[in-house]
1. Order of Val498, Val506 from fewest to most other C-beta atoms within 10 Å?
2. Can you compute the charge dipole magnitude of segment 393-506 about its Cα centre, using +1 on each Lys and Arg Cβ and -1 on each Asp and Glu Cβ, nothing else charged? Give it in debye, rounded to the nearest 20.
3. Given R₀ = 45 Å, FRET efficiency for Arg672-Val157 by Cβ-Cβ distance, to 0.05?
4. Given the rule -39500 (n - 2.57) for each run of at least 4 DSSP H residues, summed and divided by the residues of the chain, what is its mean residue ellipticity at 222 nm, to the nearest 500 deg cm²/dmol?
5. Considering the dipole of the chain built from charges on the beta carbon (Lys and Arg +1, Asp and Glu -1) around the Cα centre, which of Val406, Gln199, Thr460 is farthest to its positive end?
6. Add +1 for every Lys or Arg and -1 for every Asp or Glu among the other residues with Cβ under 10 Å from the Cβ of Gly316, and state the total.
7. Label-point separation (nm) for Met141 and Ile549, each offset 7 Å from Cα along Cα-to-Cβ?
8. Quick one: of the DSSP bridges fully inside the chain, what percent are antiparallel, nearest 5?
Amino acid sequence: MNKTKMDKKISNYLRWPIYLSLFLVMMNVTVFLVDKEAGIVTSAFVGLYVIITFTLLLTKKKEIAAAICNFASHYSKLQGSLIQEMALPYAVLDEEGCLMWGNDTFMDLLGDVPAETKHISALIPEITETSLPEDMNDKEMHIHWHENDYKVVLRKVEIDIDGDDDASSLLATNNHRLILVHLLDETRVKEYLQQIDDQKMIVGLLYIDNYEESLINVDEVRASLLTALIDRKVNKYMQSVDAIVKKLEKDKYVFLFKNKYLPQLENSKFSILEEVRSINIGNEMAATISIGLGINNESYQKSYEYARIAMDLALGRGGDQAVVKEGDKVVYYGGKSVQMEKKTRVKARVKAHALRELMETRDRVIIMGHSIGDVDCFGAGIGVYRIAKTLGKKVNIVFNEITTSVRPIINRFLTDSEYEDDLFLNSEQALELVDPNTLLVIVDVNRPGYTECPELLEKTKTIVVLDHHRQVGECIENAVLSYIEPYASSACEMVTEVLQYIDDNVKLRQVEADAMYSGIVIDSNNFLTKTGVRTFEAAAYLRRCGADITRVRKIFRINRLEYKLRAEAVHSMEIYMDYYAITESKAEGVDSPTILGAQIANELLNISDIKASFVLTDYNDKIYISARSIDELNVQLVMEQLGGGGHLSVAGAQLAGVTMEQAKQMVRDALRKMMEEGMV
């Protein structure tokens with residue numbers, strides 16, 4: 001048998017009497033040198049101490065060792081008993097993952113299943129072979145087993161083995177490595193956490209988008225009835241989720257409800273949107289509502305702030321939808337109806353006055369649109385240019401790439417001596433001019449990544465956004481003034497309205513009126529798409545300023561190559577799901593491939609039974625998608641699935657790192673998904 005070695009600390013402790021004896025002998029020698037008689041007396045006591053010490057050490061050593069061994073034995077048995085009977089399920093696996101031992105609690109969980117030598121995955125399916133730790137670091141995972149939730153901790157350990165007994169031989173065959181497993185039942189914890197999460201309050205805002213417009217031509221009695229019906233629908237809907245609802249104004253509500261009801265609202269896709277839209281008591285225009293929900297775990301104040309941001313997004317996208325904002329995550333529901341045009345210009349007048357105040361406090365104005373600028377982007381920039389020049393400011397327009405569609409118009413400015421030589425700048429030149437006294441005006445775009453020079457947004461403190469595209473999650477957040485109206489046909493229409501209220505002395509030159517009129521013509525597809533009363537009013541104002549229809553028409557005539565490519569794209573189109581045209585537009589030899597793609601998309605809508613068209617163009621290592629519809633499909637929702645955006649009938653997206661065929665398949669998948677969700 002191997003000798004049981006005493007722990008080194010205990011051995012050292014037992015040697016202390018010897019060390020003290022040596023110390024006393026040294027003390028005795030010192031006393032003897034000072035006084036012999038005292039030294040003799042001290043020597044007697046020291047000698048007696050030494051004799052007793054060595055006697056006890058020699059006679060009691062075995063008894064002490066036996067007591068220590070007895071204690072260790074009892075302690076080991078106690079420790080083993082505690083592990084064996086511990087309430088926490090605990091098991092030992094070999095390095096391959098086969099069960100070697102489990103305590104009583106673990107074995108009780110397994111039931112009557114023979115467990116020894118079986119692989120852990122056969123006993124607990126969620127702990128697979130790939131779940132086992134590969135190194136000495138703990139590996140944690142969460143599983144659902146036997147109707148309970150467990151947190152599993154797996155730890156690989158190495159065992160130091162001395163001896164040649166049977167246990168040592170067994171462990172040696174396993175390379176001295178074992179995997180320790182313990183399970184922590186977190187079912188109750190999860191239940192309590194879920195209860196806490198369910199009880200959290202969510203703040204919501206509900207606005208009637210077109211309260212005044214829906215009451216036009218409705219007598220007072222029916223107007224009161226319409227309001228009462230909307231109130232009843234809203235209150236009944238809120239009662240279904242145990243919400244507290246308070247009417248703030250005639251067309252605004254605030255409500256609070258528990259988080260546990262949010263999945264119910266999301267699964268129904270906020271059916272209140274359709275319920276309110278279906279109210280009809282003789283009103284020509286259906287009433288629509290927008291909902292903004294804010295979710296924040298930090299404070300109710302922050303939740304309310306999120307709800308306001310969500311509502312701004314909903315209204316900025318045209319209303320008739322619900323927006324849920326949780327942190328940086330934004331989810332949209334609804335938005336299937338056509339945006340209703342606002343008859344009143346009050347908002348345009350307010351924004352015009354705010355823009356004037358900002359311009360008057362700055363020395364320089366820089367105007368920027370989206371990348372690969374089109375006619376609407378250019379025309380809107382020219383309108384803002386005229387406003388700034390009227391107020392006596394230095395103005396520059398950022399324009400990196402002059403496309404074929406814009407070149408005939410921009411050449412008239414480049415050859416006109418009335419305009420400065422540095423009117424048009426590229427991104428690098430604009431970045432050099434920016435200073436704290438610069439106002440940056442963004443037109444025809446509200447997504448920072450789509451602008452001509454995103455770096456300008458970071459260098460400029462004062463930013464104004466004028467756009468007619470529906471907002472998505474990504475937006476220019478640091479804008480001091482944002483005027484986004486999705487109902488507008490074009491950015492030129494919006495700028496034309498602002499221009500009329502900015503100053504009585506604003507006088508458009510003929511070439512400027514042509515540019516802005518061209519923007520409206522192109523974006524409204526010759527006044528066929530998204531055209532309202534205010535669109536024609538803006539066009540009439542530009543006509544009075546000298547815009548010439550014949551000149552504009554000549555500008556947009558296409559060459560023979562583009563006409564041929566357009567015909568080829570129409571000829572090779574694919575009809576998907578009986579109603580959706582998908583085709584490719586070639587970019588070779590074309591100065592403005594994306595513009596041509598948009599024109600082809602408009603052309604395809606002239607074919608009967610086509611509900612929407614999608615034209616893909618491979619240009620500059622990206623796939624550009626132009627999506628168009630008349631009124632039967634919200635192409636903006638389709639493009640948002642691909643990272644793009646736009647309007648209900650006019651939208652687009654840009655895809656990088658995909659082939660043409662992959663891009664077409666992504667469009668098909670998006671259409672199929674919308675059909676499965678009942679959106680088409």
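1. Working: Val498 25, Val506 17.
By the 10 Å Cβ count, ascending: Val506, Val498.
2. Details: 8 positive and 21 negative charges, 40 e Å.
That gives segment 393-506 a dipole magnitude of about 200 debye.
3. On the way: r = 52 Å, r/R0 = 1.15.
E(calc), rounded to 0.05, equals 0.30.
4. Details: 25 runs with 304 residues, N = 680.
-14000 deg cm²/dmol, from helical runs alone.
5. Thr460
6. On the way: positive: Arg317, Arg470; negative: Asp312, Asp467, Glu485.
Value of the local net charge: -1.
7. Each label point is offset 7 Å from its Cα along the Cβ direction, giving 7.3 nm.
8. On the way: 70 of 102 bridges.
That works out to approximately 70 percent antiparallel.
No value in this document is a laboratory result; all are computed from the given coordinates. Everything numeric here is computed off the predicted structure, so don't read it as measured data. Here the Cβ is made from the backbone with ideal geometry for all residues, glycine too, and neighbour counts use every protein chain on show.
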